[in-house]
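The next block holds one structure in the form of structure tokens; read it before the comments.
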Amino acid sequence: LALAWLLGPVWPGAVALALGVNLALAGALALTRRTEAPARPEPPPALPAPLPRSRAGPRAHPPPRDALSPDALPVAALLTDGEGRVVSLNPLAAALLPGLRAGRSLADAFSVPAARVAELLARATRPGGQPVSEVLETATGSPARLRLVIGPRRDGPGHVIVIEDARELDRLETRFIESQKLHSIGQLAGGIAHDFNNVLAVIAANCELLLERRDEEDPDWAELDHIRQNVNRAADLVRQLLAFSRRQRLEARPVEVTELIADMSHLLERVLDERVTLELDCPRALAPVLADRRQLEQILLNLAVNARDAMPEGGRLSISARERKLARPLHRPGHVVPAGEYVEICVCDTGEGIAPENLERIFEPFFTTKSERKGTGLGLATVYGIVKQSGGHILVDSLPGQGSAFTVLLPAWRGDAATPGAAPDAPAPPAQAIADPAVDPELEPARILLVEDEVAVRAVLAKGLRQLGHEVTDVASGERALELLAQAERGFDVIVSDVVMPGLSGPEWVARARARGVRVPAVFLSGFAEEDHAGGAGNRDPGDAWLEKPVSLRHLSEVIARARSARQPSAADRRPQD
Ligand SMILES: Nc1ncnc2c1ncn2[C@@H]1O[C@H](COP(=O)(O)OP(=O)(O)OP(=O)(O)O)[C@@H](O)[C@H]1O
Ligand SMILES: [Mg+2]
């Protein structure tokens, strides 16, 4: 019952079917009692109530008896008498319990004490009681565990028992727990990422300020540069966790998979050992998929690196793509891919394969079988998150010693002009927490209204932007910013605002300012994909820029400059600000 409860939300159909079969079976065994069970004079057979007459037609006939005989049923079932001895069993039950015959005690078939079986049987016949469901170890060990659903016979003392191999249920249960675990870890990761990004933002910006004041001859340069590199690494790890928890910002655009794979082939060749042959098989005319190009590259790279690691002696890595139309949902253990049109990308290797006990866990963050220096266990977690966030599915097939195949199915995109962000665009440069100090862009000073609730982040951003020559007014909330905009005589060139804040979120307060006629471009700094907090994508102005924390001061400064020039005063912008 616990299992039925556990699986209920996921497989209600299966549970309903199992219950239905149990009920049908109880009736069927009762129906055939006279032929299967030894004659018993006293209680009259409990035949089902006559079927109601249909209003229009003649009386409906009950189904022929042998259609519901235990031998014809697709489940294993047996009947016991009041002493727990087997009265009859159908062929499926005999196959699951070899050696058990009519006349023998049911308890003989199991490795538990006979008293335990007797107790279960007694519990099932308690007045007003429910059918008893229990998993027991078999005496023969093959199969090892069986699930019994035990109910009372209606035609006299004894039991109706439905039996099934518990291995499949055990596996489903493990998968369910596993997917729950993935979900919780994802939530946890997404939850801490916001705070963690603020901490990183402060370290990153302070480190950048210290680097700004020095050159490579400085005695502190090497240490500071070391901090810079490691902050970037930490920011990268947080990004991977966010990818896993599906809370990173995806720039979804139509992507030609064939072109993407061709563009990546050089990179892949470089990543692979020379003993590994790379085979590509991608037809030209494939439907595009709506996805974030950089994230798709990440998927292929992570899968290719794993394949490489699985082939230390060399082998073959093949990457293929094709269109796949599913007329019916595709059922895999614990997973259903709904019917629809997909682009399927398959990454197959001839490596060592994955042990069955690991197969359940490979998408878990930090699950790795590699040594500490070789793997963190975030590669597949990232892939999983990106695929899910892109509306896709990932399937794995693996045979130890022979190789593995990872199949990614992404919905095919059929050129819906209304899709937001569908316009082709150059991919953005990779985000870095701290930019390389060697690059020095020319920046024009701007009047910036900075809104950030975290004191430390606000302080260091204000300081850094001032050092870069900007004029900064900083406040701790959207409400305060609105007050300031209502009073301020002088205008601002740009708003830089945090997204998640107590009270009004960044996009919310900016939307209110816009409703009052404020036409200042905004740059939002977000800790993760925060649609929920930001009041939905509806609040977004396509002219605004969104940056992920932690962001380098220089990069922020460049984005501010771009936001300004993109909104050069038009007729509307010359309206007086309030
Ligand atoms: N193609 C493959 N062949 C064999 N085993 C694989 C393959 N891909 C993944 N695995 C198994 O799944 C585990 C998890 O993979 P994942 O990419 O998440 O982490 P990792 O490769 O160990 O570390 P990271 O990717 O963070 O460097 C691996 O340690 C490995 O045991
Ligand atoms: Mg990996």
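The values are calculated or read from the model by the stated rules, or taken from the named source; none is laboratory data. Note that the coordinates shown come from a computational prediction; the quantities given were computed from them, not determined experimentally. Every residue, glycine as well, gets a Cβ built from its backbone with ideal geometry; the counts of neighbours run over all protein chains shown. The area values use the complete protein model at the heavy-atom level, side chains included, leaving out ligands, DNA and RNA. Shrake-Rupley method; radii C 1.70, N 1.55, O 1.52, S 1.80 Å.
Whole-Hz Karplus values for segment 209-216 come out as 5, 5, 5, 4, 8, 10, 10, 5 Hz, taken residue by residue from phi with 6.51 cos²θ - 1.76 cosθ + 1.60 and θ = phi - 60°; glycine and proline positions read x. When you restrict to C-alpha pairs under 8 Å that are six or more residues apart and normalise by the size of segment 171-244, the relative contact order lands at 43 percent. Computed over protein heavy atoms with a 1.4 Å probe, the accessible surface of segment 253-411 works out to 48 Å² per residue.
Counting charges near Pro143 (Lys, Arg +1; Asp, Glu -1) among other residues having Cβ under 13 Å from its Cβ returns a value of -1. The phi torsions of segment 309-321, fed into the Karplus equation with coefficients 6.51, -1.76 and 1.60 and a -60° offset, translate into couplings of 4, 7, 10, x, 8, x, x, 10, 10, 10, 10, 10, 9 Hz, rounded to whole numbers, with Gly and Pro shown as x.
Across segment 280-293, coupling constants 3J(HN,Hα) worked out from phi with the 6.51/-1.76/1.60 Karplus curve, θ = phi - 60°, read 10, 9, 9, x, 5, 8, 10, 5, x, 10, 8, 7, 8, 4 Hz, and Gly and Pro carry x. Each peptide among 164-171, 274-281, 473-480 gets the average number of other Cβ atoms lying within 10 Å of its residues, and from highest to lowest they stand as 473-480, 164-171, 274-281. Under 5 Å between amide hydrogens, built in the peptide plane, is the criterion, and for Thr277 it picks out Gly315, Arg316, Leu317 among residues at least 5 positions away or on other chains.
Taking amide H positions as modeled 1.01 Å from N, with prolines and chain starts lacking one, the residues under 5 Å from Val496 and 5 or more places away or on another chain are Leu449, Leu450, Val451, Val523. Counting only protein heavy atoms and a probe of 1.4 Å, the accessible surface of segment 171-244 is 56% carbon and sulfur.
Among 383-396, 69-82, how do they line up from the highest to the lowest mean number of other beta-carbon atoms within 10 Å?
Peptide ranking by packing, descending: 383-396, 69-82.
Remark on Ser477: its backbone amide H falls under 5 Å from those of Glu452, a criterion applied only to residues 5 or more positions apart or on other chains, H modelled at 1.01 Å from N.
Over segment 253-411, with a single point scatterer placed on each C-alpha, what log10 of the ratio I(q)/I(0) does the Debye formula yield at q = 0.09, 0.11, 0.16, 0.17 1/Å? Results for segment 253-411 at q = 0.09, 0.11, 0.16, 0.17 Å⁻¹ read -0.27, -0.41, -0.91, -1.04.
A full extension of the chain between Arg175 and Glu558 corresponds to an added length of 133.2 nm, given 0.36 nm per residue minus the alpha carbon distance. Here the gap between Gln229 and Arg145, fully extended at 0.36 nm per residue and compared with their Cα-Cα distance, gives a gain of 24.9 nm. Solvent-accessible area per residue in segment 171-244 equals 54 Å², computed with a 1.4 angstrom probe and all protein chains kept. Straight-line cross-link partners of Lys181 among the aspartates and glutamates, defined as a Cα under 14 Å from its Cα and at least 8 positions apart when in the same chain: Glu173, Glu360, Glu364. For segment 253-411, the carbon plus sulfur part of the accessible surface works out to 48%, probe radius 1.4 Å.
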